[in-house]
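Asks: Quick one: the structure is below, and I'll ask about it shortly.
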Amino acid sequence: MALVGGVGCRVLHMDAMYDGWDGLPAVHTQLATLLPPLAEGRPGRYRVYDWRLGRYRRTVEVPPVPLLVLEGVGSGHPAYDAVSTLLVWLEAPLPLRRERALARDREDFAPHWDAWAASEGTVLARDRTRDRADLLLDTGTGTLSAAGR
C-alpha cells in the first residue's frame, strides 16, 4: 500500500486479471470477488493470470484501503457503479494506443493486437465506459475535462 496525500492507496492492474488474450470480455467477473467485499469493509480477492504459463496461478487477497485504483480496460464495468467513486476515461487515437502497447509489451503483444483491439472496442461499447466517465483525459494533449456521469 502506498500513501497518496497521506491516504492509504492501492493500485491494481487489470492486466493481472484477464484470462489471457481472450479474457477481456469476462474480466468483470473478477471484480465480483473484489469490489463488493471491499465496499463492505472486508478483504476482496482476485485471481492472477500468468501470461507465460497461460493460466491463473494464484489468488491475491486485498485488504480494505481508503483509496483503491483499478487501472486498465474493463475496470469500469457498470455493475460496480454503486461502489465506484470516480471513473476516468483515457482518450488516445488507435495508432497511438497501438504504438504504446507495442512499445510496452513488444513481440508478446504484436500478434494479438488486432484481436485485442476488437475485443476492447466491443467491451467499451457494451459497457458504455466513455459515456459513463466522470473525467476525460486526452493522453495526447494532456487535456483533462469533466464528463457527466
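Read the figures in this text as sums done on the coordinates, not as results from a lab. All values derive from a computational prediction rather than experimental measurement.
Asks: Only Cα pairs within less than 10 Å get springs; with that Gaussian network setup on the chain, which residue of A82, A16, A26 has the largest fluctuation?
Replies: The residue with the greatest mean-square fluctuation here is A82.
Asks: For the chain, what does the helix formula give at 222 nm: sum of -39500 (n - 2.57) over DSSP H segments with n ≥ 4, over the residue count, nearest 500 deg cm²/dmol?
Replies: Estimated from H runs of four or more residues: -8500 deg cm²/dmol.
Asks: Once the convex hull of the alpha carbons of the chain is built, what does its volume come to per residue, in cubic angstrom?
Replies: Once divided by residue count, the hull of the chain is 124 Å³.
Asks: Percent antiparallel among DSSP beta bridges with both residues in the chain, to the nearest 5?
Replies: In the chain, approximately 60 percent of DSSP beta bridges are antiparallel ones.
Asks: Taking the chain as a Gaussian network, where each spring joins two C-alpha atoms under 10 Å apart, which residue of G20, G41, G72 fluctuates the most?
Replies: Most flexible of the set in this elastic network: G41.
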